[in-house]
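A.B. asks: One structure, pasted below without further comment.
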Amino acid sequence: MRLGLLMLLLMFVAVACKEEKKAKVIRLEEKKVEVPSFDGALAYRLVAEQVAYGPRVPGTPAHDSTAQWIVRQMRKRGLTVHVQRFVATRHDGVPLKGQNIVARYMPKLPNRLLLMAHWDTRYMSDMEEDESKRKLPVLGADDGASGVAVLIALADALVRDSVAAGVDFVFFDLEDQGAPNGDPNSWCLGSQYWSNNRVPSGYRATAGILLDMVGSEMAIFRRERYSEQFAPHINEKVWHMAGVAGYRPYFPDEVGPPILDDHVFVNQLARIPSINIIYTSPHTPKGFGTHWHTQKDNMDIISKEKLRAVGLTVLHYIMHYHAR
Ligand SMILES: [Zn+2]
């Protein structure tokens, strides 16, 4: 993903100014709800297992093996899995074979929640200070594996407690192969394809939550600005739930920058109101963690506690606002 374009930002700033005049009157859920436990140790192991394959760059054996691994993880927990294969073109003309993986929990329930993450990793470390390392692919412990791991561990929690909730997990491919300062549409190729060719066909959901870079020990989650414009009601509830779960320090009540990520296309093309939980930093020149798109995005920076904080927050959201 990348920071949003100035044009889009200005557009939303205009909307934001209008919105500010309205007082916040959203009444948030306060009832007592049983929330299943979230296994942070499992999520951590699931990050490590993906990283052990090596960088999940399209066209490599590691990429293919990891797709099969995700399918196995979801099938062995009893979910219904569909693999959507597609071909897309990288910004420099290289053809890429992609696989979006859709796993459905309690598919017969009509009210659907869409949980998303990208599973591919970037083909180059273009944010490396050391020029000799810029051609190396990113290992993506945080940028790729963390979101996938939390989604699988969430499925694990729902299955373990037989939670009655319609939840679909979509693992997008080809999110992170875009042009550094070029065409914004060169990013998020998997979510663009899925949003235009939904599996299952005509798929709808009442809400969507995207997880991206949710596993590093320094991560802080501010409300992402496009999410705040597209789906402020979901942001409001998720951040409220983070407080209920005891994670306010990790989820401060602040709005961060707009990030061009899979949720933007899901909002615009599939018209499913969706938010992004993503680590952005006000203290680094790049706006993300210092490991972003470098060789430092490895297991050394992954925190079990942070994975658990995000997983349990989403689980609280499911139990308070989505489960029957
Ligand atoms: Zn990335």
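Computed from the coordinates by the stated procedures, all read-outs in this text should not be read as laboratory data. Everything quoted here is computed from the prediction, not taken from an experiment. Cβ placement follows ideal geometry from the backbone for every residue including glycine, while neighbour counts extend to all protein chains displayed.
A.B. asks: Counting pairs on different chains as well as pairs 8 or more places apart, how many Lys pairs in the stretch 171-311 have Cα atoms under 23 Å apart? Before the final figure, lay out each step's value.
C.D. replies: Numbers: LYS237/LYS306; LYS286/LYS296; LYS286/LYS306; LYS296/LYS304; LYS296/LYS306.
Qualifying lysine pairs in the stretch 171-311: 5.
A.B. asks: For n ≥ 4 DSSP H runs only, could you compute -39500 (n - 2.57) per run for the chain, divide by its residues and tell me the 222 nm figure to the nearest 500? Please report the intermediate quantities before stating the final value.
C.D. replies: Details: 9 runs with 105 residues, N = 324.
Estimated from H runs of four or more residues: -10000 deg cm²/dmol.
A.B. asks: May I pose another question? Rounded, prolate or oblate: pick one for the chain, where a ≥ b ≥ c are the square roots of the eigenvalues of its C-alpha gyration tensor, a/c under 1.5 means rounded, and failing that, prolate if a/b is larger than b/c, else oblate.
C.D. replies: On the way: a/c = 1.35, a/b = 1.14, b/c = 1.18.
Rounded.
A.B. asks: Something else now. Sort SER216, SER132 so the one with the fewest other Cβ atoms within 10 Å of its own Cβ comes first.
C.D. replies: SER132, SER216
A.B. asks: So what does log10 I(q)/I(0) come out to for the stretch 81-217 at q = 0.16, 0.22 Å⁻¹, using the Debye formula with one equal point on every Cα and no solvent?
C.D. replies: Rounded to two decimals, the profile gives -0.86, -1.38.
A.B. asks: So, one more: Let a ≥ b ≥ c be the square roots of the eigenvalues of the Cα gyration tensor of the stretch 173-247; is it rounded (a/c under 1.5), or, if not, prolate (a/b larger than b/c) or oblate?
C.D. replies: It comes out oblate by the Cα gyration axes.
A.B. asks: While we're on this one: Where in the stretch 221-309 are there GluC sites (Glu not before Pro) that are in a DSSP coil and have at most 12 other Cβ atoms within 10 angstrom of their Cβ?
C.D. replies: Details: sites: GLU224, GLU228, GLU236, GLU254, GLU305; in loops: GLU224, GLU254.
Taking the stretch 221-309 and a limit of 12 other Cβ atoms within 10 Å, the loop GluC sites (Glu not before Pro) found are GLU254.
A.B. asks: Show the residues, 5+ positions off or on another chain, whose built amide H is closer than 5 Å to the amide H of ARG90.
C.D. replies: Under 5 Å from the amide H of ARG90: LEU96.
A.B. asks: In the stretch 197-255, which trypsin sites (Lys or Arg not before Pro) are in a loop and have at most 13 other Cβ atoms within 10 Å, using DSSP for the loop call?
C.D. replies: For trypsin sites (Lys or Arg not before Pro) across the stretch 197-255 that sit outside H, G, I, E and B with at most 13 neighbouring Cβ atoms in 10 Å, the list reads ARG204.
A.B. asks: Once you order the gyration tensor axes a ≥ b ≥ c over the Cα atoms, which shape class does the stretch 223-324 get: rounded for a/c under 1.5, otherwise prolate or oblate by comparing a/b with b/c?
C.D. replies: Numbers: a/c = 1.77, a/b = 1.21, b/c = 1.46.
Oblate, because a/c is 1.5 or more while a/b does not exceed b/c.
A.B. asks: Per-residue HN-Hα couplings for the stretch 143-157, Karplus 6.51 cos²θ - 1.76 cosθ + 1.60 at θ = phi - 60°, whole Hz, x for Gly and Pro?
C.D. replies: Result, ordered by residue: 7, x, 5, 5, x, 4, 4, 5, 4, 5, 5, 5, 4, 4, 5 Hz.
A.B. asks: Less than 14 Å Cβ to Cβ from PRO200, Lys/Arg counted +1 and Asp/Glu -1: what total charge do the surrounding residues give?
C.D. replies: +4
A.B. asks: Now for a separate question. Looking at the stretch 227-282, I'd like the Rg to Rh ratio, where Rg is from alpha-carbon atoms and Rh is Kirkwood's inverse mean 1/r. Before the final figure, lay out the partial values.
C.D. replies: Numbers: Rg = 11.7 Å, Rh = 12.0 Å.
Result: Rg/Rh = 0.98.
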